[in-house]
Amino acid sequence: CRVAWACDNNANALETHAQNHPSTNHVLCDLPLSRDQWPFPTDGRRFHVHFSPPCQAFSTMNSTNRVAWDKDGPTALVQWSVDTALACGATTWSLEQVPSSVVIALLEKAKAKHPGRVAYAKIELSLLGVPQTRTRLIAGSPHLVAQLLRKCDRANRRPVTSVIAKPRGDFLRNSCNWVALKRNGVGGRIRYTKALWTDKCHRLSEPSPTILADRALCWITVKGTDCWRAWMRPREMALLQTFPKSYKLPKGQKRGMLQIGNSVPPLVAKLLMQGA
């Protein structure tokens with residue numbers, strides 16, 4: 001497949017994509033687009049359309065300060081994505097999101113209205129060979145979703161060391177700040193305590209924790225009572241997201257982390273498109 005058109009409202013992300021896909025037409029704008037602005041072919045040629053609307057409003061992370069109407073705009077954008085996918089004349093389509101109940105309810109309505117054209121599944125991407133624990137909702141043309149599910153297998157799970165040959169620590173730790181102790185009596189509330197750097201460490205012989213857009217993973221090395229740590233670099237994050245080593249990344253830790261953490265792992269896109 002050739003990437004023909006890409007749209008985002010983040011100029012830095014588009015710049016990075018353009019460096020790696022120079023023949024693609026890149027458009028900087030806010031969605032949704034009206035039908036008279038649609039760039040999709042009308043001459044009958046085959047094409048696939050993919051949507052990755054922002055997921056932060058649906059994520060369970062950092063939900064403390066949110067209010068109910070924070071989801072209104074993102075929900076409308078997911079709805080627009082599904083409606084556009086079904087109306088634009090695409091041969092096949094796909095959408096990636098977090099497995100939120102709001103998104104699932106929206107997809108259920110679309111599935112009832114368009115039987116045979118809408119399917120979705122909650123997929124642990126490590127079962128597809130992505131070397132991290134990353135659960136996502138993949139929706140799209142039923143035969144593409146079914147094909148992706150058939151490819152899921154525990155035998156596909158890859159460790160951190162399969163893509164990072166020289167790790168800079170003995171463990172990987174996510175950004176968890178608290179650890180659970182025990183309940184206060186039968187049926188009581190769980191007590192939490194401040195996490196130590198040696199808590200919540202993941203072995204490198206397993207997939208890594210989820211790569212995030214706003215918080216880097218941390219390399220941990222324990223030597224006796226000492227704990228040495230180092231933040232993960234964008235290039236290391238990109239490898240865990242299955243980007244090739246040759247992929248050109250943006251300059252700067254924060255910018256790289258944002259773009260890589262928000263990306264669809266290329267391996268998932270490749271496996272999905274094999275049935276298009």
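The values are calculated or read from the model by the stated rules, or taken from the named source; none is laboratory data. Every value quoted in this text rests on a predicted model; they were computed, and no experiment measured them. Every residue, glycine among them, receives a Cβ derived from its backbone with ideal geometry; neighbour counts consider all protein chains shown. Just so you know, the surface numbers come from the protein's heavy atoms only, side chains and all, with ligands and any DNA or RNA stripped out. Shrake-Rupley method; radii C 1.70, N 1.55, O 1.52, S 1.80 Å.
Would you check which residues across segment 20-39 are of a type outside the set (D, E, K, R) and loosely packed, with under 12 Cβ neighbours inside 10 Å and list them? Within segment 20-39, Pro22, Ser23, Cys29, Ser34, Gln37 qualify.
The criterion of being in contact with a Leu (Cβ under 9 Å, 6 or more places away or on another chain), of a type in the set (Gly, Ala, Ser) and either under 30 Å from Asp8 (Cβ atoms) or open to solvent by 60 Å² or more (accessible area, probe 1.4 Å) (or both) holds for Ala213.
Taking Ala276 as the residue in question, decide whether it is within 24 Å of the chain's Cα centre (by Cα), aliphatic (A, V, I, L, M) and farther than 28 Å from Ala139 by Cα. For Ala276, the condition - within 24 Å of the chain's Cα centre (by Cα), aliphatic (A, V, I, L, M) and farther than 28 Å from Ala139 by Cα - is not met.
Condition (residue is of a type in the set (Phe, Trp, Tyr), at pLDDT below 95 and under 18 Å from the mean Cα position of the chain (by Cα)) applied to segment 52-74: is it met by at least one residue? Checked against the condition, which is being of a type in the set (Phe, Trp, Tyr), at pLDDT below 95 and under 18 Å from the mean Cα position of the chain (by Cα), segment 52-74 yields at least one hit.
Of all residues in segment 1-42, those satisfying the criterion of being in a loop (DSSP other than H, G, I, E, B), among the β-branched types (Val, Ile, Thr) and either modelled with pLDDT of 95 or more or under 22 Å from Ala238 (Cβ atoms) (or both) are Val3, Thr24.
Scanning segment 224-244 for residues that are farther than 16 Å from Leu212 by Cβ and among the hydrophobic types (A, V, I, L, M, F, W, C) turns up Cys227, Trp228, Ala230. Summed over segment 82-109, the residues that are on the phi > 0 side of the Ramachandran plot and at pLDDT below 95 give a count of 0. Of the residues making up segment 122-140, those that are of a type outside the set (Val, Ile, Thr), open to solvent by 10 Å² or more (accessible area, probe 1.4 Å) and in contact with a strand residue (DSSP E or B) (Cβ under 8 Å, 6 or more places away or on another chain) are Lys122, Glu124, Arg136.
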